[in-house]
1. If I stretch the segment between residue 113 and residue 318 completely, what's the gain in nm (0.36 nm per residue apart, minus their alpha carbon distance), one decimal?
2. Compute the Cα gyration tensor for region 7-119, then decide on rounded, prolate or oblate, letting a ≥ b ≥ c be the square roots of its eigenvalues: rounded whenever a/c is under 1.5, prolate when a/b is larger than b/c in the other cases, and oblate in all that remain.
3. Once a ≥ b ≥ c are taken as the square roots of the eigenvalues of the Cα gyration tensor of region 242-337, is the result rounded (a/c under 1.5), prolate (a/b larger than b/c) or oblate (a/b not larger than b/c)?
4. Residue 28 to residue 335: FRET efficiency via 1/(1 + (r/R0)^6), r the Cβ-Cβ distance, R0 56 Å, to the nearest 0.05?
5. Quickly work out the residue 43-to-residue 244 label distance, labels modelled 7 Å from Cα along the C-beta direction, and quote it in nm with one decimal.
6. Using 0.36 nm per residue of separation minus the Cα-Cα distance, give me the extension gain between residue 310 and residue 15 in nm, one decimal.
7. Residue farthest toward the positive end of the dipole of region 7-119, with Cβ of Lys/Arg at +1 and Asp/Glu at -1: which of 36, 97, 54?
8. Modelling each spin label as a point 7 Å along the Cα-to-Cβ direction, I'd like the residue 96/residue 182 distance in nm, to one decimal.
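Read-outs throughout are calculated quantities, based only on the coordinates presented, and are distinct from any laboratory measurement. All values derive from a computational prediction rather than experimental measurement. Cβ: placed from backbone, ideal geometry, glycine included. Neighbour counts: every protein chain shown.
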Amino acid sequence: MLYFKPARLGSAGLNDKDLKEDRKSCLVFGPCGVGQKALYLNSIFMERRFYIPASNIQRAYKRVAMSKGGFTGKGIFGSIPYLVVEYDNGEHVQCTFKHESHVDMMLAEIQHRFPHIKTMSEAAARKLAEARAAEEARYVKHLSPAAEKSLNELRQAREFLEKRPDLTTRLAAASKARRVDQLTNPAHKWVALAIFCLALAASVYGAYTWLTGSGDYGMYVTLIGLAALFFFASAHVLPTARNNSRAIAAALDRARDDLEAYLRDYPDFPLPARYAHPATLTRMMRSIREGRSETIPEAYEDMKAVLRSLNSGVKVNQTEYDEVVAIKPMFLLENYR
C-alpha cells in the first residue's frame, strides 16, 4: 500500500512516524478520515491530502448548501454537504462530500473519539438553545411519580446509546438508503447505465475527431459527452457493487446486528434494536414531559402516532426536522410495527 504523506494544516503537527501509522489506520468516511490523533481532509483532487491534529481542532460540523431544487428534492444537484473544521482559534477549512450520510458518520466518530471537539457551529448551538427553551415552556411542571420513573428510565437508555453514536448514525444512514432504494424504480438504474454508455461513446468519438482533425465539432461532442458522464457518475444512480438492493439491504442488516449486539449489555432496553436511536428516545421523553403519556409503552405509541402524522406539509422546527429525518425511515421500513 502506497503512503503519501499528508500536508499539515495549522501550527501543530505530528512526527513522521506517528503520522504514518495514524494515517494508514484511520477510519475512512468519503474523501476524509478520522485517526486516533488527527483528522484527514481532502483537497479538490486528492482524498485525505491534509491533516490536522485533533488537539488543535475546536469545532467540526456539517454544512449543507442547497441548490434551487434542494428543499423540494428536485433539481439537478439538490444539496451539497460539507464538513467544516475550525482550528488554530480562527482558521477553518471546508471539505466537500458526495453523501451527507458520510458527514454524519464522520461527525459521530469524531464525537466518540474526541469529546472535546464541538460538532455544532456556534450559530446552530445558539438556535438549539433557543429551541430547547421554547420546548421546555410546554413541559408539564409537576409530573406524576409514574411519569418521573418512566422519564428516568428513558434518559438512562438514551445516555447508553449516546456512548456509541457511530452505531446509531450508521443505522439511520442505512435505513434511509434502504427506504430510498425501495422507492426507486429499478428501471431508472438501467436507463442511467444506458445513457452512461452513450455518454462514454460520445466522449471517445469526440476525442478521436478532435485529435485527428477529421471534424471541427469534436470538442463540443467531447465536452457534452464528458458532462453527461460526470453527471451520471455523481448522481449515484448507476447499479454498482455497493449501489444495489442486495448490498443496501445487507448494510442495513449489519447496522441492526451491530446495534443489537451492543444492546445485549443493557437489560430491558425500551426499544427494539431496529428503532434504537437517541432521537426516538428523545421524542418518547417529550411525550411524557408534555403530559401526553405516563408509561414507556404509552410514550412509545404516542411517539409513533405523532411521527406517522408528520409529512412534507407539516411545519416543524429544525430540531424536530433533524429527529424525523433520522428515524422516520426506520419506522417506514417496518410499517411502524
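1. 71.2 nm
2. On the way: a/c = 2.07, a/b = 1.89, b/c = 1.10.
In terms of gyration-tensor shape, prolate.
3. oblate
4. That pair, residue 28 with residue 335, gives E of 0.95.
5. Taking the two extended label points, one gets 3.6 nm.
6. 101.0 nm
7. With unit charges placed on the Cβ atoms, the residue in question is 97.
8. 3.4 nm
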